[in-house]
């Protein structure tokens with residue numbers, strides 16, 4: 001695994017040599033990142049990407065030299081020529097070249113074998129567990145980022161305005177808002193068409209400071225008046241951030257997922273105070289990552305689409321120097337079986353790798369590729385509990401004590417600056 | 001008795017005075033209602049008044065209007081019969097969005113609006129969600145019961161809901177074995193009917209769950225297994241006996257805390273989003289529930305009271321997305337479409353799915369900047385000509401009111417008798433409307449939009 005601690009780096013005296021040399025390889029830059037301050041917990045942004053259907057982890061982070069892998073997947077196993085090497089005998093599909101570049105630059109990372117004990121193989125239940133981080137709760141009502149958003153809205157105390165200054169979370173997609181961002185108090189804004197978040201001026205604009213009844217009991221009206229003024233400022237910022245004639249604009253692929261990410265970048269660039277964003281790829285229901293049959297081409301295409309869009313998104317944020325404040329994570333309900341089924345597909349498994357992207361990543365690969373001899377539900381066993389990643393994001397990026405959101409203590413991983 | 005009640009927060013507003021100590025303010029108002037009073041009342045019970053209601057109810061006593069609002073007139077029965085085929089078709093084809101649209105139609109068009117909005121109140125009260133129940137026929141059945149009892153017997157209502165199969169599905173407890181009672185059943189009852197917070201549940205959630213053992217939902221039907229019933233003694237709400245599920249609604253209805261909690265929720269629903277008075281202040285409506293067992297009596301007490309018509313209560317409600325859209329469509333007799341309902345869901349308020357068992361979020365949370373942009377955009381779509389959003393709102397208004405449209409709009413959409421400063425753009429549009437011939441609809445649409453997105457229309 002290609003990681004290097006800051007201490008080792010400094011002890012080796014490489015740091016100054018490399019800096020003086022002008023070119024800083026990605027892995028050294030990541031180690032040097034420890035020298036920087038962490039992205040502020042007051043303005044960091046979390047982007048959740050749901051990959052619905054159960055992404056096949058073994059064909060995403062591929063143990064191409066592993067005999068068990070090759071034997072178990074006679075038509076699906078990727079060969080050395082099909083992958084970009086990542087670690088010894090492990091690589092990512094060549095179609096994911098876009099994010100591999102991010103990996104080189106320190107803005108993309110893979111965490112191996114993420115899951116939880118006694119994993120569910122049911123789409124709905126498994127997705128709910130990932131969304132809520134409450135595998136023991138048979139009746140979860142809120143998602144982990146929804147609960148995080150509840151912490152970010154003003155506390156309901158006397159004297160506080162009941163209207164939040166910023167929209168705490170945004171979800172962009174046509175499907176129903178996932179439980180991930182449902183909070184008890186906070187309201188997630190959903191945009192099926194992201195353009196719906198730009199103000200329609202067909203009939204003019206609301207009049208600021210007008211339309212109130214100027215009566216002592218109209219305190220609510222003044223609050224709303226302030227809120228309308230804030231929303232018009234927000235609309236201006238969104239419009240400015242959406243201008244397509246800016247020099248150096250990043251070109252996104254022409255896919256639906258890429259369009260969603262492009263809009264997310266615009267909203268982030270607009271500095272709206274929103275800290276939590278969510279989008280998805282794969283749709284609702286079982287989702288398009290549910291590759292029970294004829295997986296090879298479909299899955300490759302999905303990963304390519306994902307990778308190209310994410311690479312553009314990261315480049316877009318980097319161009320505006322806001323990538324450092326953003327952390328992207330992906331989740332899917334489960335990985336898939338090690339063994340290929342009779343329909344040239346794979347069935348529901350258990351653990352799988354997840355991706356992190358953004359600024360302040362300490363490592364590009366976290367953990368070891370799972371041992372394919374040790375299986376659970378026909379899939380690989382987890383070595384990292386997904387709630388450790390959530391705890392890390394909560395504490396290192398949102399500044400929220402993770403126990404308050406996860407209702408239990410999980411050791412954060414040393415993956416974020 | 002303070003700690004048990006759930007999270008209905010008192011957010012003291014700037015310039016808000018203290019709550020008066022005297023409960024004399026619950027005396028019925030003896031003043032005939034002005035147009036402004038009628039508008040205030042109708043904003044709270046029907047989202048917004050119609051022109052006919054403003055004309056028809058002015059000069060009457062609040063109590064008399066309450067009776068008119070709750071009367072199941074022949075027109076109401078005709079309305080029911082007219083809409084029933086739509087309801088049945090949606091249920092038969094398990095079309096949840098069509099059902100949502102039908103439900104919104106009722107909210108906007110019903111001749112008995114108080115009953116419709118009280119149905120929404122109970123839906124939120126019990127946290128019943130169409131997605132959680134996941135069986136449209138069962139959901140429809142329990143909603144019908146709630147509508148029937150919305151202003152009825154306070155003792156009968158919990159029984160109609162808690163003993164209904166939809167309740168167990170709503171809390172994901174279709175299987176209730178004696179050896180493994182579903183504690184979420186007890187937790188849901190404590191939260192929704194009694195306002196307990198989780199830390200106050202103690203052993204009661206388990207005891208309540210035991211009472212529901214032996215109840216199984218199989219293919220949408222309730223099956224009771226005598227073998228799985230826990231017939232042992234349980235201690236619930238301070239009483240010990242071999243209680244069974246059928247006893248629980250009665251225990252709740254007789255419990256002073258339940259009545260107090262319900263009165264608080266009614267107060268929040270009808271009076272104020274921002275401040276909550278003490279339980280002592282709310283004891284008169286609570287007593288109506290507990291002693292008279294009448295929801296109608298409690299609601300009538302609130303809506304007819306001097307307190308309700310005082311300035312302290314006016315304009316203290318923030319319109320959530322559904323109330324906003326319903327208000328606009330009811331005032332101007334617009335059409336409800338599937339797309340409108342979908343937009344409301346995107347704005348965070350699915351009319352048939354309270355966010356959690358505690359209901360939808362507090363109203364202020366629907367006013368974040370991006371949510372307000374969506375709201376303004378919805379207003380633009382509703383007043384525009386897009387058939388997906390009904391189209392024709394402005395055209396209908398021009399046809400109905402002609403030259404008098406500006407006055408009719410301010411009458412319906414602002415606060416009568418109180419000078420509302422809409423600004424120079426309004427005056428400009430007014431002049432253009434008076435002078436125009438060809439583009440009258442367009443100018444009317446701009447006028448409606450300007451009022452719809454003004455602060456005064458976001459409050460009730």
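The values are calculated or read from the model by the stated rules, or taken from the named source; none is laboratory data. This one's a predicted model, so the numbers in the text were calculated from it and none came from an experiment. No Cβ is skipped: glycine too gets one built from the backbone with ideal geometry, and neighbour counts run over all protein chains shown.
Of everything in region B:358-391 that's assigned to a loop (DSSP other than H, G, I, E, B) and at the interface with another protein chain (Cβ under 7 Å from one of its Cβ atoms), which residue is farthest from residue B:128 (Cα to Cα)?
Narrowing region B:358-391 to residues assigned to a loop (DSSP other than H, G, I, E, B): B:358, B:360-362, B:368, B:384-386, B:390-391.
Narrowing the set further to residues that are at the interface with another protein chain (Cβ under 7 Å from one of its Cβ atoms) leaves B:358, B:361-362, B:368, B:384.
Details: B:358: 10, B:361: 14, B:362: 17, B:368: 26, B:384: 34 Å.
The qualifying residue farthest from residue B:128 (Cα to Cα) is B:384.
Got a sec? Which of B:297, B:312 is surrounded by fewer than 22 Cβ atoms within 10 Å (Cβ to Cβ), modelled with pLDDT of 95 or more and either more than 20 Å from the chain's Cα centre (by Cα) or outside any loop (DSSP other than H, G, I, E, B) (or both)? Outline the logic, then answer.
On the way: B:312 fails: modelled with pLDDT of 95 or more.
None of the other options fit; the residue is B:297.
If you go through region B:279-315, how many residues are within 14 Å of another protein chain (Cβ to nearest Cβ) and touching a residue at least 24 places away in the same chain (Cβ under 8 Å)?
Start the filter on region B:279-315 by keeping residues that are within 14 Å of another protein chain (Cβ to nearest Cβ), which leaves B:307-315.
Okay, now just the ones that are also touching a residue at least 24 places away in the same chain (Cβ under 8 Å), so B:307-310, B:312-315.
Of the residues in that region, 8 qualify.
Looking at B:380, B:371, B:444, which one is at pLDDT 95 or above, surrounded by fewer than 24 Cβ atoms within 10 Å (Cβ to Cβ) and closer than 27 Å to residue B:341 by Cβ? Steps first, answer last, please.
Values: B:371 fails: surrounded by fewer than 24 Cβ atoms within 10 Å (Cβ to Cβ); B:444 fails: surrounded by fewer than 24 Cβ atoms within 10 Å (Cβ to Cβ).
Going through B:380, B:371, B:444 in turn, just one is at pLDDT 95 or above, surrounded by fewer than 24 Cβ atoms within 10 Å (Cβ to Cβ) and closer than 27 Å to residue B:341 by Cβ: B:380.
Residues are listed down the side, and each one gets a yes or a no for (1) touching a residue at least 40 places away in the same chain (Cβ under 8 Å); (2) more than 19 Å from the chain's Cα centre (by Cα):
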residue	(1), (2)
A:104	yes, no
A:109	yes, no
A:120	yes, yes
A:131	yes, no
A:136	no, yes
A:146	yes, no
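To keep it simple, each residue is scored yes or no on (1) under 23 Å from residue B:362 (Cβ atoms); (2) modelled with pLDDT under 90.
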residue	(1), (2)
A:125	no, no
A:141	yes, no
A:157	yes, yes
A:182	yes, no
A:187	yes, no
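Please count how many residues of region A:121-146 are within 11 Å of another protein chain (Cβ to nearest Cβ) and assigned to a helix (DSSP H, G or I).
Matching residues across region A:121-146 total 4.
So, residue B:211, is that one in contact (Cβ under 8 Å) with a residue 24 or more places away in the chain and surrounded by fewer than 17 Cβ atoms within 10 Å (Cβ to Cβ) or not? Steps first, please.
Working: in contact (Cβ under 8 Å) with a residue 24 or more places away in the chain: yes; surrounded by fewer than 17 Cβ atoms within 10 Å (Cβ to Cβ): no.
In short, no.
Being more than 14 Å from residue B:245 (Cβ to Cβ) and more than 20 Å from the chain's Cα centre (by Cα) is the filter; apply it to region B:156-173 and report the residue that is surrounded by the fewest Cβ atoms within 10 Å (Cβ to Cβ).
Result: B:172.
Would you confirm, using the coordinates I've provided, whether residue B:395 is facing chain A (nearest Cβ under 9 Å), in contact (Cβ under 8 Å) with a residue 12 or more places away in the chain and either more than 27 Å from the chain's Cα centre (by Cα) or part of a helix (DSSP H, G or I) (or both)?
The answer is no for residue B:395.
Just to check your reading of the model, which residue among A:103, A:58, A:78 is away from every other protein chain (no Cβ under 14 Å), farther than 21 Å from residue A:378 by Cα and either touching a strand residue (DSSP E or B) at 6+ places or on another chain (Cβ under 7 Å) or part of a helix (DSSP H, G or I) (or both)? Talk me through it step by step, then tell me what you get.
Details: A:58 fails: farther than 21 Å from residue A:378 by Cα; A:78 fails: farther than 21 Å from residue A:378 by Cα.
That would be A:103, the only listed residue that is away from every other protein chain (no Cβ under 14 Å), farther than 21 Å from residue A:378 by Cα and either touching a strand residue (DSSP E or B) at 6+ places or on another chain (Cβ under 7 Å) or part of a helix (DSSP H, G or I) (or both).
Residues to consider are B:68, B:42; find the one that is closer than 21 Å to residue B:296 by Cα and buried (at least 22 other Cβ atoms within 10 Å of the Cβ).
Values: B:68 fails: buried (at least 22 other Cβ atoms within 10 Å of the Cβ).
Only one candidate passes the filter, namely B:42.
Quick one: what pairs do we get from region A:176-190, first residue within 7 Å of chain B (Cβ to nearest Cβ), second surrounded by fewer than 24 Cβ atoms within 10 Å (Cβ to Cβ) and part of a strand (DSSP E or B), C-beta under 7 Å, 6+ apart or different chains?
Within 7 Å, the pairs are A:184/B:356.
I'd like to verify a number: residues in region B:337-350 that are part of a loop (DSSP other than H, G, I, E, B), touching a residue at least 60 places away in the same chain (Cβ under 8 Å) and surrounded by 23 or more Cβ atoms within 10 Å (Cβ to Cβ), how many? Write out each step before concluding.
Looking only at region B:337-350, we keep the residues that are part of a loop (DSSP other than H, G, I, E, B), and these are B:337, B:347-350.
Imposing the further condition that a residue be touching a residue at least 60 places away in the same chain (Cβ under 8 Å) reduces the set to B:337, B:350.
So of that shortlist, the ones also surrounded by 23 or more Cβ atoms within 10 Å (Cβ to Cβ) come out as B:350.
The number of residues fulfilling the criteria is 1.
Looking at B:84, B:115, B:92, B:44, which is the one that is free of Cβ contacts under 8 Å to residues at least 24 places away in the same chain and under 22 Å from residue B:151 (Cβ atoms)?
On the way: B:115 fails: free of Cβ contacts under 8 Å to residues at least 24 places away in the same chain; B:92 fails: under 22 Å from residue B:151 (Cβ atoms); B:44 fails: free of Cβ contacts under 8 Å to residues at least 24 places away in the same chain.
Within the list B:84, B:115, B:92, B:44, the selection yields B:84.
So which residues in region A:268-286 are at pLDDT 95 or above and either part of a helix (DSSP H, G or I) or within 14 Å of the chain's Cα centre (by Cα) (or both), if there are any at all?
If the condition is that a residue be at pLDDT 95 or above and either part of a helix (DSSP H, G or I) or within 14 Å of the chain's Cα centre (by Cα) (or both), then A:268, A:275, A:276, A:277, A:278, A:279, A:280, A:281 are the ones that fit.
Got at least one residue in region A:215-228 being assigned to a helix (DSSP H, G or I), closer than 24 Å to residue A:192 by Cβ, at pLDDT below 95 and at the interface with chain B (Cβ under 7 Å from one of its Cβ atoms)? Give the steps one after another, and end with the answer.
First pass over region A:215-228, keeping only residues assigned to a helix (DSSP H, G or I): A:219-228.
Filter once more, keeping what is closer than 24 Å to residue A:192 by Cβ: A:227-228.
Filter again for at pLDDT below 95, leaving A:227-228.
In the following step, the residues that additionally are at the interface with chain B (Cβ under 7 Å from one of its Cβ atoms) were identified as A:227-228.
Yes, region A:215-228 contains a residue that is assigned to a helix (DSSP H, G or I), closer than 24 Å to residue A:192 by Cβ, at pLDDT below 95 and at the interface with chain B (Cβ under 7 Å from one of its Cβ atoms).
Only one of (1) modelled with pLDDT under 95; (2) surrounded by 17 or more Cβ atoms within 10 Å (Cβ to Cβ); (3) more than 7 Å from every other protein chain (Cβ to nearest Cβ) fails for residue A:253. Which number is that?
(1)
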